[in-house]
1. Which one is farthest from ligand 1 (Cβ to nearest atom) among residues in region 42-62 that are within 14 Å of the chain's Cα centre (by Cα) and free of Cβ contacts under 8 Å to residues at least 60 places away in the same chain?
2. Among (1) closer than 21 Å to residue 3 by Cα; (2) crowded, with 18+ Cβ neighbours inside 10 Å, where does residue 33 come up short?
3. Look through region 100-138, keep the residues that are assigned to a loop (DSSP other than H, G, I, E, B) and more than 13 Å from ligand 1 (Cβ to nearest atom), and return whichever of them is farthest from residue 7 (Cα to Cα).
4. Quick check on my filter: what residues within region 1-24 are in contact with a helix residue (DSSP H, G or I) (Cβ under 8 Å, 6 or more places away or on another chain), part of a loop (DSSP other than H, G, I, E, B) and farther than 19 Å from residue 76 by Cβ?
5. Hey, does region 69-85 have a residue that's more than 15 Å from ligand 2 (Cβ to nearest atom), more than 15 Å from the chain's Cα centre (by Cα), buried (at least 16 other Cβ atoms within 10 Å of the Cβ) and closer than 16 Å to residue 16 by Cα?
6. When region 25-40 is examined, which residues are found to be farther than 18 Å from residue 125 by Cβ, in contact with a strand residue (DSSP E or B) (Cβ under 8 Å, 6 or more places away or on another chain) and not in a strand (DSSP E or B)?
7. Only one of these is touching a residue at least 12 places away in the same chain (Cβ under 8 Å) and in contact with a helix residue (DSSP H, G or I) (Cβ under 7 Å, 6 or more places away or on another chain): 91, 31. Name it.
8. Can you tell me how many residues within region 49-62 are within 11 Å of ligand 2 (Cβ to nearest atom) and touching a helix residue (DSSP H, G or I) at 6+ places or on another chain (Cβ under 7 Å)?
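Since every read-out is calculated from the coordinates, none of them should be taken as a lab result. All values derive from a computational prediction rather than experimental measurement. All Cβ positions, even for glycine, are placed from backbone atoms using ideal geometry, and neighbour counts span all protein chains on display.
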Ligand code: IDP
Ligand code: MG
């Protein structure tokens, strides 16, 4: 069975451009409920760990630099089939390929500066949620 939680990050490009509110509204309008949210600034160590799976990729150092260039807003979202439904809402990694009506189509400026993160599996949603939030037993679905 598919889980009902995913982890997103509103990335530094979107926060600094003043798009936090517009992006949150798109998430809410699409039926996602906010379970936990914070406004924070990642260290290089944290960003490097979060994206460790990409550490061998040529864009890794730039990605870590970008993700630490300003504040971010990590959020745990709840919806049926949350991971897949949210990946659909954000659109393709490269905004040039993102479908109309998606968050990245509207707010991303490049394949790197693409406005939002979305977990790619239930397992990673759980790992990434614990990366940013503690005491999650308080937020178990009722
Ligand atoms: P995703 O965010 O759509 O899951 P991933 O392949 O997991 O995409 O890549 C993680 C992040 O790394 C992307 O969201 C983007 O910010 C950055 N990234 C991915 N591919 C490239 C690239 O080819 N050039 C520069 N940055 C990239
Ligand atoms: Mg990914």
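1. To start, the set of residues in region 42-62 that are within 14 Å of the chain's Cα centre (by Cα) comprises 42, 47, 50-51.
Keeping just the survivors that are free of Cβ contacts under 8 Å to residues at least 60 places away in the same chain gives 42, 47, 51.
Numbers: 42: 13, 47: 11, 51: 6 Å.
That would be 42.
2. Every condition holds for residue 33 apart from (2).
3. From region 100-138, those assigned to a loop (DSSP other than H, G, I, E, B) are 100-102, 108-115, 119-121, 133-135; that's our starting set.
Now restrict to residues that are more than 13 Å from ligand 1 (Cβ to nearest atom): 100-101, 133-135.
Details: 100: 22, 101: 20, 133: 10, 134: 13, 135: 15 Å.
Across region 100-138, the extreme among qualifying residues is 100.
4. 17, 19
5. Yes, that holds for at least one residue.
6. Residues of region 25-40 farther than 18 Å from residue 125 by Cβ: 25-26, 28-29, 39-40.
Among the residues that remain, those that are also in contact with a strand residue (DSSP E or B) (Cβ under 8 Å, 6 or more places away or on another chain) are: 28, 39-40.
If the condition is that a residue be farther than 18 Å from residue 125 by Cβ, in contact with a strand residue (DSSP E or B) (Cβ under 8 Å, 6 or more places away or on another chain) and not in a strand (DSSP E or B), then 28, 39 are the ones that fit.
7. Result of the check over 91, 31: 91.
8. Selection size over region 49-62: 3.
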